[in-house]
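A.B. asks: Supplied in structure tokens, the structure appears directly below.
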Amino acid sequence: MLVKDEVVSRTEEIVAPWKGRKGALIPILQETQSVFGYLPADAIQAISDELLIPTAEIYGVATFYAQFHLKPRGRHIIRVCRGTACHVRGSLKLLQKVKEMLNVEENGTTEDLRYTLEPVACLGACGLAPVMMVDDETHGRLVPENLKAILDLYE
């Protein structure tokens with residue numbers, strides 16, 4: 001659990017070199033997210049206070065770009081492809097199996113913050129369909145029976 005004073009202090013350190021510079025918001029949000037893993041509400045408030053930008057504007061930017069996250073995410077990001085080739089070869093069964101195994105919904109994070117599950121439109125590995133990525137590693141030609149062994153690799 002993040003402590004408010006620590007979040008505010010660290011966020012102020014991130015903002016300091018950017019004060020008074022145009023176009024600073026996105027790099028500040030990127031660095032803030034890289035430090036905390038997501039954009040905590042206290043960090044957004046601190047950015048607002050430091051840059052004199054309304055929090056609504058900051059939330060508008062943060063929710064517009066898919067790279068930003070307002071909730072904690074898992075240490076490992078699981079992306080299950082839902083593209084046409086993967087769909088035809090059973091990716092929905094894979095997705096369902098992962099949801100059952102981890103007791104998590106689509107775009108959700110496990111309670112232990114180990115995994116976040118993100119269905120995606122296409123991973124660009126159609127020749128390996130059905131495909132799943134865990135972090136930056138691609139796993140292809142999957143069947144539901146392989147999933148446990150793959151996920152066990154990511155402690």
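Throughout, read-outs are computed from the coordinates displayed, never taken from laboratory work. None of these values were measured; they are calculated from a predicted model. Quick reminder, even Gly has a Cβ in these numbers, built from the backbone with ideal geometry, and neighbours come from all protein chains shown.
A.B. asks: How far is it, in nm, from the label point at Ile53 to the one at Arg73 when both lie 7 Å from their Cα along the line to the Cβ?
C.D. replies: Going by the 7 Å Cα→Cβ label model, 1.9 nm.
A.B. asks: On to the next question. Report the one residue of Pro72, Met101, Cys86 whose Cα lies farthest in the direction of the positive end of the charge dipole of the stretch 1-134 (charges on C-beta: Lys and Arg +1, Asp and Glu -1; origin at the Cα centre).
C.D. replies: Value: Cys86.
A.B. asks: Just to confirm a number: summing +1 for Lys and Arg and -1 for Asp and Glu over residues other than Gly127 whose beta-carbon lies under 15 angstrom from that of Gly127, what do you get? Can you show the working numbers first?
C.D. replies: On the way: positive: Arg89, Arg141; negative: none.
With Lys, Arg at +1 and Asp, Glu at -1, the neighbours total +2.
A.B. asks: Set Lys and Arg Cβ to +1 and Asp and Glu Cβ to -1, take the dipole of the stretch 4-64 about its Cα centre, and tell me which of Trp18, Ala46, Phe36 lies farthest positive.
C.D. replies: Towards the positive end, the residue furthest out is Trp18.
A.B. asks: Under 29 Å from the Cα of Lys97, which lysines turn up, not counting those fewer than eight places away in the same chain?
C.D. replies: Of all the lysines, those that pass the test against Lys97 - Cα under 29 Å, at least 8 places apart if same chain - are Lys71, Lys148.
A.B. asks: Return an integer: the convex hull volume of the alpha-carbon atoms of the stretch 76-151, in Å³ per residue. Please list the in-between numbers first.
C.D. replies: Working: hull volume 5.4 nm³, N = 76.
Enclosed volume per residue, from the Cα hull, is 72 Å³.
A.B. asks: Another question about this same structure. How much of the DSSP beta bridge set in the stretch 76-151 is antiparallel, as a percent to the nearest 5? Walk me through the intermediate numbers first.
C.D. replies: Numbers: 7 of 13 bridges.
Percentage antiparallel, nearest 5: 55.
A.B. asks: Output the Cα-based Rg and Dmax of the stretch 1-131 in Å, rounding Rg to one decimal and Dmax to a whole number.
C.D. replies: 18.0, 53
A.B. asks: How large is the helix-only mean residue ellipticity at 222 nm for the chain, computed as the sum of -39500 (n - 2.57) over DSSP H runs with n ≥ 4, divided by its residue count, in deg cm²/dmol to the nearest 500? Could you put the intermediate results ahead of the total?
C.D. replies: On the way: 7 runs with 67 residues, N = 155.
Mean residue ellipticity at 222 nm (helix-derived): -12500 deg cm²/dmol.
A.B. asks: Sort out for me the Cα centre separation of the stretch 94-155 from the stretch 1-25, rounded to whole Å.
C.D. replies: The stretch 94-155 and the stretch 1-25 have Cα centres spaced 34 Å from each other.
A.B. asks: If you check each cysteine of the chain for another cysteine whose beta-carbon is under 4.7 Å away, which ones come up empty?
C.D. replies: Here Cys122, Cys126 come out as lacking a disulfide-compatible partner, given the Cβ-Cβ threshold of under 4.7 Å.
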